[in-house]
Structures are given as C-alpha cells and as structure tokens.
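Only one structure is covered here, and it is reproduced in the block below.
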Amino acid sequence: MTCKRIIAWATAKQRLVPTALLGRVSSVDWFVSLALLPLSYALAAPVAAAIGVRATFIGAGLIGAVVTLAFLHLSGVPAVERGESSGREPGTA
C-alpha cells in the first residue's frame with residue numbers, strides 16, 4: 001500500500017507543480033519527510049511514557065488529520081481537486 005501512495009504523490013507533484021519550482025518543492029518534501037523523522041521518534045517515547053501509548057497514537061492521528069485538513073484550506077489546493085493543472089500543457093514533462 002505504501003508504494004501506491006508514493007507513486008500517487010510523485011505523480012501528483014510532477015503534474016501539478018510548475019517545472020521551475022519542482023526541485024524546490026521536492027527538496028522541501030524530502031526535508032519534512034526525512035529530516036524531521038528523528039524528531040518524531042525522539043518525542044514519541046517521552047510522550048507515551050507521560051500519557052500512555054494509546055493516547056499517544058490517538059493524538060498523533062489527530063495531529064496528522066488536523067495538519068492535512070489545514071493544508072486543504074490553503075489557496076490553490078481546491079484547484080487541484082477540480083483537476084486544474086499548474087499551467088503546463090498536457091503531455092509535457
């Protein structure tokens with residue numbers, strides 16, 4: 001299932017991000033995905049010890065949902081859902 005998500009994300013990014021910004025968007029994507037991962041690992045254990053494992057998982061899920069919903073309200077995101085592109089011609093890389 002993870003491979004499908006990665007492929008879908010990479011495809012959407014290449015389709016919707018202007019070519020001139022694709023490198024910058026990809027670097028921010030990798031930074032957030034990989035560089036901040038150790039921080040989440042470092043915070044998970046103390047939080048789980050303080051409030052319990054179940055509450056930690058529920059809280060992490062809620063935080064993820066809130067962040068995702070917040071990004072959906074950024075300007076330009078609804079245009080993606082309507083199928084509007086970044087201004088590229090169809091079929092161009």
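Take the alpha carbon gyration tensor of region 1-48, find the square roots of its eigenvalues, order them as a ≥ b ≥ c, and report rounded if a/c is under 1.5; if not, report prolate when a/b exceeds b/c, else oblate. Here region 1-48 falls in the oblate category. Between region 1-29 and region 34-50, how many Å separate their Cα centres? After rounding, the separation between the Cα centres reads 26 Å.
Each reported figure results from applying straightforward, stated rules to the coordinates on display, with no laboratory input. The shown structure was predicted, so the numbers you read here are calculated from the model rather than taken from an experiment.
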